[in-house]
1. For Gly63, what is the net charge nearby, where nearby means another residue's Cβ is under 15 Å from its Cβ and Lys, Arg count +1, Asp, Glu -1?
2. What per residue convex hull volume, in Å³, do the alpha-carbon atoms of the stretch 1-65 yield?
Amino acid sequence: MIFTTKAEYGVRLMVRLGELPGDEPVSLKTVAETERLPLAYLERIVALLRKAELVTSTRGAHGGYRLARPASEIRMDEVIIALEGAVAPMSCFVDDREGERDPDRVLCSHLDDSGSGCATKLLWTRVQGGVFRALQQTTLAELVSFQSPGDADHDRTGPAPVLSVRPPAATV
């Protein structure tokens with residue numbers, strides 16, 4: 001499953017907003033320069049985050065954006081769904097019907113589905129569930145503290161594991 005740059009940049013924006021002390025808004029231009037992100041793209045992203053009520057804005061010379069709630073109350077599934085829509089490992093899982101959206105329901109859009117799903121539905125359901133649980137269990141506050149140098153959690157978690165795939169040994 002590959003998330004788009006919309007999710008990547010949106011999460012980076014949220015982390016930057018979560019790092020701010022106090023309740024002072026920050027301009028998107030400042031975030032764009034600090035994070036080296038395109039301002040026009042950030043403007044579209046922040047509109048989605050505002051619509052989802054994850055950030056608020058203030059107009060004027062000292063205006064800008066800030067989190068709508070404390071970082072500890074913002075789960076990453078909310079952020080990703082606001083930016084990406086459905087979280088799905090395969091395109092056949094995307095529920096694009098209007099009005100009936102249920103985030104807990106897995107849709108198999110194959111025409112010959114007959115209500116039972118294709119042979120790989122179990123695998124993709126588990127993949128989707130694992131990713132979604134990881135997003136639900138991660139708060140913005142965790143990402144902000146992970147970002148901070150010298151954080152004990154950062155040292156404890158260590159580097160991300162590197163996965164390698166080796167072909168099975170040949171039998172003679």
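1. On the way: positive: Lys29, Arg50, Arg59, Arg66; negative: Asp23, Glu24, Glu43.
Here the charged neighbours net out to +1.
2. Working: hull volume 5.9 nm³, N = 65.
Dividing the Cα hull volume of the stretch 1-65 by its residue count gives 91 Å³.
Computed from the coordinates by the stated procedures, all read-outs in this text should not be read as laboratory data. As the structure is a prediction and not an experimental result, all values here were calculated from the model. Here Cβ is always computed from backbone atoms with ideal geometry, including for glycine, and neighbour counts include all displayed protein chains.
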